[in-house]
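The values are calculated or read from the model by the stated rules, or taken from the named source; none is laboratory data. The shown structure was predicted, so the numbers you read here are calculated from the model rather than taken from an experiment. All Cβ positions, even for glycine, are placed from backbone atoms using ideal geometry, and neighbour counts span all protein chains on display. Keep in mind that these areas ignore ligands, DNA and RNA; they rest on the heavy atoms of the full protein, side chains included. Shrake-Rupley method; radii C 1.70, N 1.55, O 1.52, S 1.80 Å.
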Amino acid sequence: MRGICLLEGYLRFQLVVSWHMKAATMCEFSRQEFIGGLQSLGVDSLEKFRDKIPSMRTELKDEQKFREIYNFAFGWAMEK
């Protein structure tokens, strides 16, 4: 059961990252999407990305961001 919870948390985080990257395909980033997403996050090093992870994980608790991320993910599902 713990493994499932960890996986679900990882998948939620992947959605948040993909949303920031404005990925056209779920969990796949073009160079432009990757660089643009990191710039929008204010990240220019691996250390800064690691520091940003806790705040990114909590974004799903914000109702407005949750709706944006949900709609973003729903768009992927509709395409498939």
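Under the 0.36 nm per residue contour assumption, what length would be gained going from the current alpha-carbon distance of Lys61 and Arg12 to full extension?
16.5 nm
About the centre of its Cα atoms, the chain shows a dipole size close to 160 debye [charges on the beta carbon of Lys, Arg (+1) and Asp, Glu (-1) only; nearest 20 debye]. When nucleic acids and ligands are ignored and a 1.4 Å probe is applied, Phe66 ends up with an accessible area of around 100 Å².
Between Gln32, Gln14, Met78, the Cα set farthest toward the positive side of the dipole of the chain (charges on each charged residue's Cβ, about the Cα centre) is that of Gln14.
List the residues of the stretch 17-36 whose backbone N lies under 16 Å from a point placed 7 Å from the Cα of Ile53 along the Cα-to-Cβ direction. 17-18, by backbone N distance to the label point. The mean sequence separation of alpha-carbon pairs under 8 Å and at least six residues apart, normalised by the residue count of the chain, gives a relative contact order of 30 percent. Taking Leu41, Leu15 and ordering them by how much accessible surface each has at a 1.4 Å probe, largest first, produces Leu15, Leu41.
Within the full protein context, the accessible area of Asp51 is estimated at about 110 Å² for a probe radius of 1.4 Å.
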